[in-house]
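Below is one structure, written out as structure tokens; the observations come after it.
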Amino acid sequence: MAKFLLRRFVNYLILVALATSLGYMVAATSLHPRSNFEGRNPPPPKASVDAKLDALNMNNETPVLTRFERWAVPALHGDFGKTIDGQKVSTEMGRRMGVTLRLLLIGSVIGGVLGVALGVVSAVKQYQFTDYSATIASFVVLSIPVFLLAVLLKVGALNVNNHVGHTLLYYTGEKTPGLGGGVWTHFTDRFQHFVLPTLSLVLGQIAFYSRYQRSAMLDVLGSDFLRTAQAKGLRRRDALIKHGLRTALIPMATFFAYEFGLLLTGAVFTEKIFGWHGMGEWFVDSVTKNDVNTVAVVTAFSAVLVLIAGMIADLAYAALDPRVRI
Amino acid sequence: MPAEIEPSPAIAVEAALVEDLEDVTRGRLVLRRFLRKKIAVGGLIVLVLLIAFAFGGPYLSKWDYRSTDYNSFLQKPSSTHWFGTTQIGQDVYAQTLRGLQKSLVIGLLTAFFSTGLAAAVGASAGYFGGWTDRVLMWFVDLLLVLPQFLIIAILSPSFRGKTWLVFVFLLAAFSWMVTARIVRGLTLSLKEQEFVQAARFTGVPARKIIFRHLLPNMSSFLIIDATLNVGGAILAETGLSYFGFGVQSPDVSLGTLIAAGTRSAITFPWLFLFAGGALIITVLSVSVIGDGLRDALDPNSATSIKP
């Protein structure tokens with residue numbers, strides 16, 4: 001077991017290194033930090049622009065491999081260089097990482113659990129009202145991109161707020177700045193800010209997992225081992241959960257690994273639209289600001305997350321499927 | 001024991017039935033199964049209407065998506081401007097149709113290229129095995145680590161000002177990996193079958209085996225995958241365009257329209273509602289068609305929507 005995990009881990013480590021290098025190279029060749037400094041009036045002398053760019057290690061006249069080396073060697077020690085505004089990338093990252101991680105963790109846990117539950121209910125009640133409504137709802141939700149869903153939620157929240165008469169649901173930021181009061185006030189305030197962004201991410205996740213869980217569960221429902229479990233005296237409910245669900249969960253591990261990349265992309269939209277200052281918002285702003293170092297770091301961050309998701313999927317697979325010996 | 005065996009009436013009836021069944025070609029059988037799914041047929045009708053509307057609709061109105069009407073800014077839908085006007089007097093109807101055209105074309109082209117690329121890479125990896133397989137699958141792993149959105153967003157400055165076809169190629173280039181893995185798996189089991197072995201031992205070159213024997217045998221899967229990819233491609237395109245990383249002005253796509261409309265979504269809902277509605281209906285109809293095709297082409301797979 002340990003040996004297998006170690007081998008996977010080394011494999012993943014190499015992939016992260018390659019993905020980060022690729023991200024840096026693409027960012028360094030495609031973005032033009034020079035235009036940030038040149039486009040001023042009166043135009044600054046070339047020497048001063050070069051000096052500024054050299055200080056940031058973003059001068060496009062330096063060969064890209066040299067720039068990469070200058071960035072990558074300190075990066076291995078946790079120093080990811082400077083943003084285009086001269087701030088340290090690692091400081092900013094420390095501040096933003098938590099926001100994104102919280103969003104992703106809650107999104108995948110709530111989405112996964114509710115999605116699986118909905119899929120199981122749908123399969124057990126196949127061709128009944130519950131099943132049809134769940135199916136139609138998830139097809140519709142899967143056709144709505146996160147950015148449109150977020151806007152629709154905003155409009156809906158405004159209507160709710162108008163109806164209630166005071167602000168029940170907030171749609172900007174994570175908390176009300178400068179809020180007084182005790183712990184409870186802060187908690188409710190956070191929660192009021194948290195509902196809409198989470199919904200915008202979680203609805204799609206629920207729809208996605210419920211579709212696959214439903215078909216996996218349907219495959220299992222007709223199987224002999226489930227009939228046997230009931231024949232030996234297990235109640236249907238117990239048989240379904242202990243034998244049926246466990247088997248039907250196995251393919252979900254693979255889908256989790258694939259879906260995580262899409263969840264990351266969704267988080268970019270959620271953060272940007274609801275004004276959460278996380279990694280996704282940082283990424284979009286950095287691409288528009290030609291901030292090479294930051295873009296490379298966010299790429300590395302997402303590569304690490306995707307691979308952690310893959311690792312979790314591997315472990316879940318091993319835990320669920322007794323045929324897997326590792 | 002009678003010397004000759006008279007065919008019993010039952011066998012004769014069965015033979016007639018078989019003959020009858022043989023008249024039904026596979027294509028007709030698939031069509032019949034597809035037509036039985038009313039939702040999928042509905043999706044197909046809606047999609048055809050949408051395409052007709054996107055390309056024929058502009059001729060019904062006198063406004064062009066680039067023209068501006070200086071007499072009406074931010075007007076509600078009316079008889080002159082069917083879907084209303086924007087802040088600078090552009091006609092929302094003309095813009096929505098233009099955006100729909102772009103999104104549809106980009107979605108269809110991307111899905112086609114993406115599935116094609118996946119088929120070629122996956123089949124080569126599976127058929128040749130060994131180092132080809134290892135290198136290609138490593139490449140797949142590497143690309144799977146980088147979310148498509150991130151990498152195309154980073155690349156966006158390099159195709160700004162160039163033709164939108166570059167954008168299509170990029171979308172396709174970063175969306176084929178999962179399909180390629182499945183194609184590889186299918187190839188691994190197909191290549192052990194007699195007809196492929198026979199072809200190989202009679203000296204048919206590998207390229208011909210892949211394109212003439214392997215890929216046609218997984219055409220059902222490829223068709224379904226391409227259809228489902230259309231929806232994914234449209235969602236990816238609109239998402240990138242939403243942030244300005246995709247289709248560039250003066251051209252419009254549903255993504256740029258929704259982005260422009262959401263800034264004032266609450267006060268002037270017509271600015272994004274038509275584009276948003278068109279987007280949802282398009283993706284929904286494509287995914288329903290894909291689902292129906294899966295049931296029609298591959299009846300053993302678990303169905304998602306029954307009737």
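Descriptive notes on the structure:
- In chain B, the sites counted are GluC sites (Glu not before Pro) in DSSP loop states with at most 10 other Cβ atoms within 10 Å, and the longest stretch holding none of them, exclusive of the sites, is B:5-191.
- DSSP H segments from chain B that extend 18 Å or more along their own axis, Cα-based, with Kyte-Doolittle mean of -0.5 or above: B:9-23, B:38-56, B:92-128, B:130-145, B:177-190, B:219-242, B:270-297
- Normalised contact order of chain A, rounded percent, pairs of Cα under 8 Å and 6 or more residues apart: 27 percent
- This model, with +1 at the C-beta of Lys and Arg and -1 at the C-beta of Asp and Glu, gives region A:107-238 a dipole about its Cα centre of some 340 debye.
- Within 10 Å of the Cβ of each residue in B:134-147, the mean number of Cβ atoms contributed by other protein chains is 5.
- Rg over Rh for the protein assembly as shown works out to 1.00, using Cα positions for both radii and the Kirkwood form for Rh.
- Positive minus negative residues near B:H213 (Lys, Arg vs Asp, Glu; Cβ under 12 Å): +4
- Positive-pole candidate from B:F53, A:F4, B:S241, dipole of the protein assembly as shown, charges at beta carbon: A:F4
- One decimal place: the segment A:L18-A:V155 gains 45.1 nm when fully extended, by the rule 0.36 nm per residue minus the C-alpha distance.
- One equal scatterer on each Cα of region A:6-55, no solvent, Debye formula: the resulting log10 I(q)/I(0) at q = 0.16, 0.22 Å⁻¹ is -0.61, -0.81.
- Neighbourhood charge, 14 Å Cβ-Cβ cut-off, centred on B:S264 and excluding it, Lys, Arg +1 and Asp, Glu -1: +3
- Backbone amide hydrogens, once placed in the peptide plane, bring A:H277 within less than 5 Å of nothing, excluding anything fewer than 5 places away on its chain.
- Equivalent ellipsoid semi-axes - Cα gyration tensor, region A:261-308, angstrom: 16, 15, 7
- For A:212-222, mean number of other protein chain Cβ atoms within 10 Å: 1
- Relative to the compact-globule estimate of 2.2 N^0.38 Å, the Cα radius of gyration of region A:1-101 comes out at 1.36.
- Separation of the A:Q87 and B:W131 label points, Cα + 7 Å toward Cβ, nm: 4.8 nm
- Site pair B:F53 and A:I241 shows an inter-label distance of 4.7 nm when each label is modelled 7 Å from Cα along Cα→Cβ.
- A straight chain from A:D189 to A:L221 at 0.36 nm per residue would run longer than the Cα-Cα distance by 7.1 nm.
- Intensity falloff of chain B expressed as log10 I(q)/I(0), Debye formula with alpha-carbon point scatterers, at q = 0.06, 0.14 Å⁻¹: -0.30, -1.11
- Cβ neighbours within 10 Å from other chains - mean over A:256-266: 3
- Selection among A:L221, A:T188, A:A117 by position relative to the dipole of region A:92-222 gives A:T188 as farthest towards the positive end (Cβ unit charges, Cα centre).
- Highest mean packing first, where packing is the average number of other Cβ atoms within 10 Å per residue, the peptides B:224-231, A:265-272 line up as A:265-272, B:224-231.
- Computed E for B:S219/A:K232 - FRET, C-beta separation, R0 56 angstrom, nearest 0.05: 0.80
- Taking label positions 7 Å along the Cα-Cβ direction at both A:A72 and A:R8, the computed distance is 2.7 nm, reported to one decimal.
- Here region A:187-326 is assigned +1 on the Cβ of each Lys and Arg and -1 on the Cβ of each Asp and Glu. Its dipole about the Cα centre then comes out at about 920 debye.
- Ordering A:161-167, A:61-67, B:155-161, A:143-149 by mean Cβ neighbour count within 10 Å, with the highest value first, yields A:143-149, B:155-161, A:61-67, A:161-167.
- Ellipticity at 222 nm from helices only: DSSP H runs of n ≥ 4 in the protein assembly as shown, each -39500 (n - 2.57), divided by the residue count, give -24000 deg cm²/dmol.
- Cross-link pairs A:K154/A:K175; B:K38/B:K102; A:K82/A:K272 - those with Cα-Cα distance over 24 Å: B:K38/B:K102
- Against chain A, whose longest principal axis is taken from its Cα atoms, helix A:2-30 shows a tilt of about 40°.
- Mean Cβ neighbour count within 10 Å, used as a protection proxy, ranking A:93-102, B:101-110 highest first: B:101-110, A:93-102
- Within the protein assembly as shown: Cβ-based charge dipole about Cα centre, in debye rounded to nearest 20 (Lys, Arg +1; Asp, Glu -1): 840 debye
- Per-selection Kirkwood Rh - region B:214-307 (Cα, Å, 1 d.p.): 15.0 Å
- Counting charges near A:M252 (Lys, Arg +1; Asp, Glu -1) among other residues having Cβ under 15 Å from its Cβ returns a value of -1.
Where a number appears in this text, it was derived from the coordinates with a stated rule and is not lab data. Keep in mind the model is a prediction, meaning the values are calculated, not measured. Note: ideal-geometry Cβ built from the backbone for every residue, glycine included; neighbour counts use all protein chains shown.
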